[in-house]
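A quick write-up on the structure given underneath.
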Amino acid sequence: MIFKIRSHGNIGNRIIQYISANEISRHWPGSTIFNVKLDEYGLTTPDIDESPYRTLHINDFFSSEKEVVSRIEQYKPDLVIFDGYLQKHFLMKNADHYRRIFPVIHPVDIDKNDLVINIRCGELIFGFSQYPLLPISYYKKIIEETNLNPVFMGQIDDSLYCGMLREAFPEARFLEHVSPQQDFDLIRSAHNVVMGISTFSFISSWLSQAENIYTQLWGFFSVPSFLDEIDLLPTQDVRYKYHVLPYAYALVEGRQIAFNQSIAPYIHAISAHEVEAIKRRFSEKPTTQKIFQIDDFWYLSMNPDCGYQIANGFCFDPHHHYMTIGLWEGRSPAPCKKGRYRNVSHDKKATISSYTEYAAGNSAEEQALNAINASKTNVMAFHTEDEQNPFLIIDLLSPHSIDHVSIFNRCDNEIVAKRCLPLRVYCSTDNANWSLLHVQQRQFGGSDGKPLEIDLYPDVTCRFIKITTLKKTILHLEKVHVYGEPLDFPT
């Protein structure tokens with residue numbers, strides 16, 4: 001039998017694909033797997049032309065190895081093509097065998113009392129699909145439960161999230177990132193591992209000889225996230241220790257931090273038996289007709305207890321929760337806060353990175369004030385120079401709970417309307433440490449009645465709002481209004 005791996009990805013994905021394909025191919029002794037791409041370990045095979053063969057395509061929607069083998073035996077193809085990533089724990093069998101195939105290249109001496117915590121950050125601050133930033137309270141819980149010495153490693157950068165980690169764990173060690181391969185081998189050398197939200201973290205932990213591997217049912221490890229497509233919860237492996245977190249979608253950094261602060265009471269350790277019970281509940285999920293329109297992002301962000309019930313399989317999605325519980329408890333299925341908060345940016349302070357004669361005002365402050373005090377939306381409030389990373393900063397003078405930001409773009413023609421894209425919106429409490437709130441890639445309007453409306457749920461606490469674009473361009477907007485309410489504590 002001939003097999004081919006089609007999809008690839010990072011080193012974690014490629015190792016999982018090879019292991020899974022190899023385990024399936026073992027049912028046909030003498031089989032060959034083509035298109036293996038693991039140069040790091042000297043394990044590479046050429047691609048193969050599919051056209052001469054009678055092919056069978058295998059995607060990621062299967063629930064057992066037996067199911068795949070039966071399909072191949074029934075169809076009797078010349079070539080089996082794995083189109084997916086094959087991320088199934090039941091294909092992860094003989095770890096010792098694969099440790100020999102994938103040896104540790106850069107061994108690291110890790111103390112038995114160290115808790116190696118793999119941080120996944122990087123692009124996750126942009127709210128990347130089912131890869132939410134993990135709550136700091138989750139790490140606190142494991143450190144308290146284990147009484148081990150935390151060692152943070154991986155994608156540790158200068159983001160606000162990583163700064164908060166350093167502040168929360170001042171006695172912890174933070175290891176400098178050198179290379180993906182060295183991070184991979186560092187995890188494999190650990191005795192106790194807290195996995196990050198990544199296949200890289202999963203397979204390096206699985207290949208390790210760690211005594212304890214702490215796994216979160218969150219992001220794509222959560223059962224409802226990729227039901228039937230991904231299952232990397234090896235409940236038969238006694239090394240794995242599980243915590244369940246409320247089911248939710250990933251948010252951009254600032255909003256994720258605000259959400260994460262609300263879910264600490266809903267992070268609980270569960271047994272492998274309870275993980276299997278959750279899987280069974282979802283396997284018996286009934287087919288239901290969607291009657292109500294539910295804003296899933298809003299519903300989960302505002303109701304972490306609902307997300308917790310979904311994560312445990314007592315409800316199957318936001319619509320099912322609303323139909324069976326939320327409706328009778330008087331919960332709202334979608335935002336209904338318009339008009340609840342007032343414009344808190346009016347008559348406050350603002351500045352821009354530079355100013356020109358193309359807008360009214362003889363200083364950066366005068367032109368910036370036009371934006372936050374404007375009532376009309378048919379003229380630009382300010383006009384910066386053509387410069388790198390132009391910005392508008394609004395100072396609310398004290399901390400506020402922010403619910404909504406309205407940004408009116410100059411839209412007299414398409415060229416000027418696109419100058420601000422991609423637009424980034426940040427928040428800060430001190431005008432120094434900024435957290436990302438929103439990234440706008442698509443064109444938006446202003447006086448044409450199509451402004452950018454950014455709903456923040458849950459509300460975000462800040463004093464400063466920054467609007468910028470990370471390129472060389474001109475920034476000119478018609479107006480910016482921030483809606484919220486002041487908080488009762490000093491700056």
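General remarks:
- Count - residues of the stretch 395-422 that are surrounded by 22 or more Cβ atoms within 10 Å (Cβ to Cβ) and under 28 Å from the mean Cα position of the chain (by Cα): 6
- Count of residues meeting criterion [within 11 Å of D185 (Cα to Cα) and modelled with pLDDT under 95] in the stretch 94-103: 0
- Residues in the stretch 314-325 that are surrounded by 21 or more Cβ atoms within 10 Å (Cβ to Cβ) and under 22 Å from N260 (Cβ atoms): C315, P318, H321.
- Selection from the stretch 424-474 of residues that are buried (at least 18 other Cβ atoms within 10 Å of the Cβ), free of Cβ contacts under 8 Å to residues at least 40 places away in the same chain and more than 24 Å from the chain's Cα centre (by Cα): F444
- Close Cβ contacts (under 7 Å, 6 or more residues apart or on different chains) running from residues in the stretch 36-55 that are within 14 Å of I5 (Cβ to Cβ) to residues that are surrounded by 15 or more Cβ atoms within 10 Å (Cβ to Cβ) and basic (K, R) comprise K37/R14; L38/R14; T44/K37; I48/K4.
- 1 or more residues within 19 Å of S20 (Cα to Cα) and assigned by TED's automatic domain parsing to the domain that holds K140: qualifying strands (runs of 3 or more DSSP E) within the stretch 167-247: none
- Hits in the stretch 382-394 - residues which are surrounded by 18 or more Cβ atoms within 10 Å (Cβ to Cβ) and either assigned to a strand (DSSP E or B) or β-branched (V, I, T) (or both): T384, F391, L392, I393, I394
- Checklist (1) modelled with pLDDT under 95; (2) under 22 Å from S159 (Cβ atoms) applied to I394, failing item: (1)
- Pick from the stretch 95-154, criterion in contact (Cβ under 8 Å) with a residue 60 or more places away in the chain and part of a strand (DSSP E or B), ranking: farthest from Y214 (Cα to Cα): F126
- Odd one out for V379, checked against (1) modelled with pLDDT of 95 or more; (2) not in a strand (DSSP E or B): (1)
Yes or no, residue by residue, for (1) in contact with a Ser or Thr (Cβ under 8 Å, 6 or more places away or on another chain); (2) aliphatic (A, V, I, L, M); (3) surrounded by 15 or more Cβ atoms within 10 Å (Cβ to Cβ):
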residue	(1), (2), (3)
N13	yes, no, yes
Y18	no, no, yes
W28	no, no, yes
S51	no, no, no
S70	no, no, no
Y75	no, no, no
D78	yes, no, no
D83	yes, no, no
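- Residues being touching a strand residue (DSSP E or B) at 6+ places or on another chain (Cβ under 6 Å), of a type outside the set (K, R) and assigned to a strand (DSSP E or B) - total across the stretch 462-475: 5
- Inclusion of D295 among residues that are closer than 29 Å to N13 by Cβ and either acidic (D, E) or under 24 Å from the mean Cα position of the chain (by Cα) (or both) is not warranted.
The values are calculated or read from the model by the stated rules, or taken from the named source; none is laboratory data. All of these numbers come straight from a predicted model, not from anything done at the bench. We place every Cβ from the backbone using ideal geometry, glycine too, and count neighbours over all the protein chains shown.
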